[in-house]
Amino acid sequence: MPGPIAVLPDASAELRAAVESAGGRLAPLGDDTRGLVWTANDGAAELAAILRERPGIGWVQLPWAGVDAFAELLAGARGDGRTWTSGKGAYAQPVAEHALALALALLRELPRRAAASSWEPDERGRSLYGAEIVVLGAGGVAVELLRLLEPFRVRATVVRRRDGAVPGAARTVPVAQLAEAARGAELLFVAAALTDDSRGIVDAEVLAALAPGAVVVNVGRGAVIDTAALVAALESGALGGAGLDVTDPEPLPAGHPLWAFEQCLITPHVADTEEMTAPLYADRVAENVRAFLGDGPFVGRIDLEHGY
């Protein structure tokens, strides 16, 4: 059996139970540690020091789907022989649910109506049924979102880095064709990881290609969208709304222009709250402990070459 597994920096009862229920041997960090479950959102320098001091650690589990906070560490880990896994795909259901909620709220003018203090009837509001949509990203969130969108009979284009069909999508195109794919789309969902290649990829050209009054929803990473371009598109009225669970910068400071737009619905990176994610992360850890012990494949493996 491989050596013991350490859970750092905070080992919740749920995670300890996950390791042990999957057959793993939980122990404090030591020279014989062979698996490491990292529970913090940050601490890359501390984690790097631990790994330098203990080259025998062969598997590292990171907590979230997005691993940009560990980008430098992961870039340096290429070829280190370790297996690196993350939470990608584990939180797909709550994040996709949140993306759908943001889209529906904006299409139905709910932010404006929620702020009303008197009866203000009008004919504003749109339906999601049959909409032309684009999804940037093809990971677990994108796949789950497309499943949720099936009853609405949307026409979906997925923009992704790799070739290959995605269930629920009418077509898939490479990232180089993002602006072309966005042309005339009524909704753009951003569910992509943040890498050097994806930073600012939703720029002024992409936003201008969308249908007049289109809605943009971002549940990926804030910096995938060029914030200045987004503000300009909202100011001009070209965009009909933006639903943002992630922003750039983040946290979004008071007084930032995005707060001033009635048609911009911002939630503070809570698409997947701790109450939702804790049991899902425990399940992911248990899956990968079993893989660590030789029972099945690792899930959520990090592609060190591409950084996610």
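The values are calculated or read from the model by the stated rules, or taken from the named source; none is laboratory data. All figures in this text were calculated on a predicted structure; none of them were measured in a lab. Glycine gets a Cβ as well: all are built from the backbone with ideal geometry, and neighbour counts include every protein chain shown. Accessible surface areas use protein heavy atoms only, side chains included; no ligands, DNA or RNA. Shrake-Rupley method; radii C 1.70, N 1.55, O 1.52, S 1.80 Å.
Here are a few things to note about the model shown:
- ³J(HN,Hα) computed for each position of the stretch 95-111 - Karplus, 6.51 cos²θ - 1.76 cosθ + 1.60, integer Hz, glycine/proline x: 6, 5, 4, 5, 4, 5, 4, 4, 4, 5, 4, 6, 4, 8, 6, 5, x
- Think of a 1.4 Å ball rolled over the protein heavy atoms: the chain then has 47 Å² of accessible area per residue.
- Taking the chain as a Gaussian network of alpha-carbon nodes connected by springs under 10 Å, the highest mean-square fluctuation of the residues 284, 124, 112 belongs to 124.
- The stretch 175-308 shape via C-alpha gyration tensor axes, a/c threshold 1.5: prolate
- In Hz, Karplus ³J(HN,Hα) per residue of the stretch 11-27 (6.51, -1.76, 1.60; θ = phi - 60°; x = Gly, Pro): 9, 6, 4, 5, 6, 4, 5, 5, 4, 6, 5, 8, x, x, 10, 8, 7
- Once the Cα atoms are used to define both axes, helix 44-53 deviates from the longest principal axis of the chain by about 20 degrees.
- Computed from Cα atoms, the angle from the helix 274-292 axis to the main principal axis of the chain rounds to 40 degrees.
- Relative to the longest principal axis of the Cα atoms of the chain, the long axis of helix 227-236 lies at roughly 20 degrees.
- Residues with amide H under 5 Å from that of residue 26, placed H, sequence gap 5 or more: 5
- Share of pairwise Cα separations in the chain, more than 33 Å, in percent: 30
- Environment charge at residue 303 (Cβ cut-off 12 Å; Lys +1, Arg +1, Asp -1, Glu -1): +4
- Measuring r between the beta carbons of residue 171 and residue 250 and using R0 = 41 Å, the FRET efficiency lands at 0.80.
- Dividing the mean sequence gap of close Cα pairs (under 8 Å, 6+ apart) by how many residues the stretch 51-166 holds gives a relative contact order of 24 percent.
- Classified by the C-alpha gyration tensor, the stretch 1-70 has an oblate form. Its axis ratio a/c, with a ≥ b ≥ c, is 1.5 or above, and a/b does not exceed b/c.
- Percentage relative contact order, the chain, counting C-alpha pairs under 8 Å, at least six apart: 19
- Once backbone amide H atoms are built at 1.01 Å from N, residue 214 has 240 as its partners under 5 Å, excluding neighbours fewer than 5 places away on the same chain.
- Dipole in debye (nearest 20) - the stretch 50-107, about Cα centre, beta carbon charges: Lys, Arg +1; Asp, Glu -1: 200
- Computed extension gain for residue 180 through residue 293, at 0.36 nm per residue and net of the alpha carbon distance, reaches 36.1 nm.
- The stretch 232-308 - Debye-derived log10 I(q)/I(0), Cα point model, q = 0.18 Å⁻¹: -0.86
- Subtracting the Cα-Cα distance of residue 14 and residue 41 from their residue separation scaled by 0.36 nm leaves 8.0 nm.
- Per residue, the chain reaches -9000 deg cm²/dmol at 222 nm when only DSSP H runs of four or more residues are counted, each adding -39500 (n - 2.57).
- Three-way shape call for the stretch 103-194 based on the alpha-carbon gyration tensor, with the a/c threshold at 1.5: prolate
- The fraction of accessible area contributed by carbon and sulfur in the chain is 52 percent, rounded to a whole number (1.4 Å probe; ligands and nucleic acids excluded).
- Residue with peak Gaussian network fluctuation, the chain [Cα springs, cutoff 10 Å], from 251, 212, 279: 251
- For the stretch 116-128, putting each phi into the Karplus relation 6.51 cos²θ - 1.76 cosθ + 1.60 with θ = phi - 60° gives couplings of 5, 10, 8, 6, 10, x, 7, 9, 7, x, 10, 9, 7 Hz, in residue order, rounded to whole numbers and with x for Gly and Pro.
- Difference of contour (0.36 nm per residue) and Cα-Cα distance, residue 83 to residue 262: 59.9 nm
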